[in-house]
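A quick write-up on the structure given underneath.
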Amino acid sequence: NDITISNNDKYRRISGYSCRSLFDTTLKYYVNLNPDLKILTTPIHHTSFRNIIEKYVKHENIFILELNENFNEISGIPQENGIDVVVDLCIITHLFGQDMNCDILEKYSKDNPNCIMIEDRVQGGEFNEIFSNNFMDISLYSTGMDKKPCGLGGGFLCINNNNNFLKKWELLSYLKLTISNYPKENNYQRLLFL
């Protein structure tokens, strides 16, 4: 529930209790702006991410991206009346230690500049890259105990400074206020969790 914001020329990093709580709070923010939020998403997510999506987004407003047979490339965007669906958010999860090939999404993001691109990079492949592609707006990382021997829990979210910055700055303020108002965890509770 403590929040740390790191500033960088290219992005802002927010550390929190877990990547799930950061994702939940982020999605809640966008649903508060638009209760009829429409999203594009990859078909495979961690169960908790799937549950968070289903908690906030109406079933009929969830559109599933097509993947290739190796689950490492987005191969198609759902269409309505012969044109790509227009959504508010796109949420992808990278799988199996490799970054998803998102060439189709890059074109989609240029055609739909108001769509916020979110990626779960917990299993992403490029260790030194904060975002898999420059057009991504938000990336999520977990530092939970099951990730690395040195992971002691928590997670972080990075907000790209590249585009839609005003919208993302409002998200940053919302995350900071919301997370700082969560109940505090004492050292004993944290020790039990670990």
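The values are calculated or read from the model by the stated rules, or taken from the named source; none is laboratory data. What you are looking at is a predicted structure, and each value in this text was computed from that prediction instead of being measured. Cβ: placed from backbone, ideal geometry, glycine included. Neighbour counts: every protein chain shown. All accessible areas refer to the heavy atoms of the entire protein, side chains included, with ligands and DNA or RNA removed. Shrake-Rupley method; radii C 1.70, N 1.55, O 1.52, S 1.80 Å.
The table that follows gives values for the structure above.
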quantity	calculated
In the stretch 64-137, the GluC sites (Glu not before Pro) that fall in loop regions by DSSP, at most 14 other Cβ within 10 Å	Glu69, Glu126, Glu129
Rounded accessible area of Lys176 (nearest 10 Å², 1.4 Å probe)	110 Å²
Potential lengthening between Asp9 and Ser75 on full extension [0.36 nm per residue; Cα-Cα distance subtracted]	20.5 nm
Heavy-atom accessible area ranking, 1.4 Å probe, most first, across Arg12, Arg121, Arg50	Arg50, Arg12, Arg121
The stretch 68-132 - Rg (one decimal) and Dmax (whole number), Cα, Å	12.4, 41
For the stretch 1-141, alpha-carbon Rg and Dmax in angstrom	14.6, 46
24 Å Cα-Cα threshold exceeded, pairs from Lys38/Lys107; Lys58/Lys110; Lys10/Lys38; Lys55/Lys176	Lys58/Lys110; Lys10/Lys38
Contour minus Cα-Cα distance for Glu129 and Asn32 (0.36 nm per residue)	31.9 nm
Solvent exposure ordering (accessible area, 1.4 Å, most first) of His59, His94	His59, His94
Accessible area (Å², 1.4 Å probe, nearest 10) - Lys58	90 Å²
